[in-house]
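Colleague: Take this structure, written in structure tokens, and hold onto it; I'll ask about it next.
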Amino acid sequence: MNTTGALIAAAGKTDGMDEFRPMLKLTGNTLIQKEIDTLRKAGTSPIVVVTGYEGEQLERHLSHRGVVCIRNEAYESSQMFDSVKLGLSWLAGKCSQILFLPVDAPMFSAATLSAVMQGKGDFTVPVHDGRQGHPIRIAGSVIPRILDYEGDNGLRGIMEEPGITVTAVEVQDPGVLLEVDDHSGYGQALAYEQESIAASDLSYDIRITLSKDDVFFGPGAAELLKHVDEEGSLLSACKTMNMSYSKGWKMVKAVEDSLGFPFLQRKTGGADGGNSILTEEGRDFLEKYLAFEEDIKRTADAFYHIHFADRY
């Protein structure tokens, strides 16, 4: 297992402004959508968002973004560290490392993420102009220690404990220091985004879909089936993806009808209400799709550099 997941803590309500921070508008996007898009550019998956205040609104806003939403029901009486624990509990065992950030830190770049992801030790922090910022890389091996921590200083307290290794990575990205925790911070973020757009390089994105007359398989179906494989339940996978069960079932049914073989082996009833696992044919098809997607992206990278690198 050598994967990088991400955790965005978005449960709290700020005292610095009345507006709902995750859904503040940036250029063509909301604040939290910008964070998710940047994380995806760096190849992070899965992405977990811990919600709380206005949780239903935020989860609805993210319902088609392919992220996992976990509700911190006690957000009014808890600290950000409690949200961190909730997210890490779900991510434990699924990733070799996790990128963590609070929702008010949206201005980091994909290049910064790549640098932080190469960090070593238990934690890696980006540093700009002598100051530490976000996102922070957390090694999967240190998650049990974080979950057991009962100190008063949250994640910072664990990073200062004996035996914990913290690596600083110097980055030329002032965005790691910007925080949208009041109107002044929001104004700085808007101005910084405009400067970044003017100075940014050309980039591209690819979405692989498969069809037989009509499209029946793509990233959404692949993500749903991966969760079914991990969680052993279509209902649980739909909840994880903040998707209705009826929509998830229709998605699986469309795939099965198009290919002519079952993707899920279902068992109803029982103490846990039944389960679903991937059939051998279904898992083989999913693995082929994921491998094909990676091959296409590698090939696209090569041709992108041939046609566009250093030209625009």
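The values are calculated or read from the model by the stated rules, or taken from the named source; none is laboratory data. Owing to the predicted nature of the structure, the values given are computational and were not obtained by experimental measurement. Here the Cβ positions follow ideal geometry from the backbone for every residue, glycine too, while neighbour counts run over all protein chains shown.
Colleague: Applying the selection to region 195-220, what residues are of a type in the set (A, V, I, L, M, F, W, C) and in a loop (DSSP other than H, G, I, E, B)?
Modeller: If the condition is that a residue be of a type in the set (A, V, I, L, M, F, W, C) and in a loop (DSSP other than H, G, I, E, B), then LEU202, ILE206, ILE208 are the ones that fit.
Colleague: Another question, if that's okay. Checking the conditions here, which among VAL116, VAL142 is of a type outside the set (Phe, Trp, Tyr), buried (at least 19 other Cβ atoms within 10 Å of the Cβ) and under 18 Å from the mean Cα position of the chain (by Cα)?
Modeller: Just a single option satisfies the conditions, and that option is VAL116.
Colleague: Scan region 210-236 for residues that are of a type in the set (A, V, I, L, M, F, W, C) and touching a residue at least 24 places away in the same chain (Cβ under 8 Å) and jot them down.
Modeller: Once the filter is applied, which keeps residues that are of a type in the set (A, V, I, L, M, F, W, C) and touching a residue at least 24 places away in the same chain (Cβ under 8 Å), region 210-236 yields LEU210, PHE216, PHE217, ALA221, ALA222, LEU224, LEU225, VAL228, LEU234, LEU235.
Colleague: May I pose another question? Looking at (1) surrounded by 12 or more Cβ atoms within 10 Å (Cβ to Cβ); (2) more than 20 Å from the chain's Cα centre (by Cα); (3) over 18 Å from ALA6 (Cα atoms), which one does ARG131 not meet, given that it meets all the others?
Modeller: (1)
Colleague: Filter region 187-205 down to the residues that are under 28 Å from PHE123 (Cα atoms) and either in contact with a Ser or Thr (Cβ under 8 Å, 6 or more places away or on another chain) or of a type in the set (Phe, Trp, Tyr) (or both) and list them by number.
Modeller: Matches in region 187-205: TYR192, GLU193, SER196.
Colleague: Another question about this same structure. ASP104 - would you say it is buried (at least 19 other Cβ atoms within 10 Å of the Cβ), under 25 Å from GLN79 (Cα atoms) and of a type outside the set (S, T, N, Q)?
Modeller: Working: buried (at least 19 other Cβ atoms within 10 Å of the Cβ): yes; under 25 Å from GLN79 (Cα atoms): yes; of a type outside the set (S, T, N, Q): yes.
Taking the combined requirement at face value, the residue satisfies it.
Residues checked against (1) under 10 Å from the mean Cα position of the chain (by Cα); (2) of a type in the set (D, E, K, R):
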{"position": "GLY28", "(1), (2)": "no, no"}
{"position": "LYS41", "(1), (2)": "no, yes"}
{"position": "GLY52", "(1), (2)": "no, no"}
{"position": "HIS61", "(1), (2)": "no, no"}
{"position": "GLU73", "(1), (2)": "no, yes"}
{"position": "SER78", "(1), (2)": "no, no"}
{"position": "VAL84", "(1), (2)": "no, no"}
{"position": "LEU91", "(1), (2)": "no, no"}
{"position": "ILE98", "(1), (2)": "yes, no"}
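Colleague: Name the one entry in ASP148, ASP152 that is within 15 Å of MET80 (Cα to Cα) and free of Cβ contacts under 8 Å to residues at least 12 places away in the same chain.
Modeller: ASP152
Colleague: Could you list all residues from region 285-305 that are in contact with a Leu (Cβ under 9 Å, 6 or more places away or on another chain) and either surrounded by fewer than 12 Cβ atoms within 10 Å (Cβ to Cβ) or under 13 Å from LEU259 (Cα atoms) (or both)?
Modeller: Of everything in region 285-305, those that are in contact with a Leu (Cβ under 9 Å, 6 or more places away or on another chain) and either surrounded by fewer than 12 Cβ atoms within 10 Å (Cβ to Cβ) or under 13 Å from LEU259 (Cα atoms) (or both) turn out to be PHE285, LEU286.
Colleague: What number of residues within region 131-158 satisfy the criterion of being acidic (Asp, Glu) and assigned to a helix (DSSP H, G or I)?
Modeller: Number of matching residues: 1.
Colleague: Looking at GLU161, GLU195, which is the one that is closer than 26 Å to ARG21 by Cα, without any contact (Cβ under 8 Å) to a residue 24 or more places away in the chain and of a type outside the set (Gly, Ala, Ser)?
Modeller: The match here is GLU195.
Colleague: On to the next question. Could you check, for region 163-178, whether at least one of its residues is part of a loop (DSSP other than H, G, I, E, B), surrounded by 17 or more Cβ atoms within 10 Å (Cβ to Cβ) and outside the structural domain of GLU59 (by TED's automatic domain parsing)?
Modeller: Pass one, region 163-178, residues part of a loop (DSSP other than H, G, I, E, B): 163-165, 171-173, 178.
Narrowing further to those that are surrounded by 17 or more Cβ atoms within 10 Å (Cβ to Cβ): 171, 173, 178.
Restricting the remaining residues to those that are outside the structural domain of GLU59 (by TED's automatic domain parsing) gives none.
Checking region 163-178: not a single residue is part of a loop (DSSP other than H, G, I, E, B), surrounded by 17 or more Cβ atoms within 10 Å (Cβ to Cβ) and outside the structural domain of GLU59 (by TED's automatic domain parsing).
Colleague: Also, quick follow-up: Out of LEU58, LEU7, which single residue is assigned to a helix (DSSP H, G or I), at pLDDT 90 or above and within 24 Å of SER236 (Cα to Cα)? Steps first, answer last, please.
Modeller: Details: LEU7 fails: assigned to a helix (DSSP H, G or I).
After applying the criteria, what remains is LEU58.
Colleague: So which of LEU101, LEU113, LEU88 ends up being in the same structural domain as ALA139 (by TED's automatic domain parsing), within 30 Å of SER196 (Cα to Cα), part of a helix (DSSP H, G or I) and not charged (D, E, K, R)?
Modeller: LEU113
Colleague: How many residues are part of a helix (DSSP H, G or I), buried (at least 18 other Cβ atoms within 10 Å of the Cβ) and touching a Gly at 6+ places or on another chain (Cβ under 8 Å) when one looks only at region 221-247?
Modeller: 6
Colleague: Every residue in region 193-219 that is within 18 Å of ILE36 (Cα to Cα) and at pLDDT 90 or above, please.
Modeller: PRO219
Colleague: What residue, among those in region 26-55 that are free of Cβ contacts under 8 Å to residues at least 12 places away in the same chain and assigned to a helix (DSSP H, G or I), is farthest from HIS227 (Cα to Cα)? Walk me through how you get there before you give the answer.
Modeller: Our first condition is that a residue be free of Cβ contacts under 8 Å to residues at least 12 places away in the same chain; within region 26-55, this holds for 28-29, 37, 40.
Checking which are assigned to a helix (DSSP H, G or I) leaves us with 37, 40.
Values: ASP37: 20, ARG40: 18 Å.
Looking at the filtered set, the residue picked out is ASP37.
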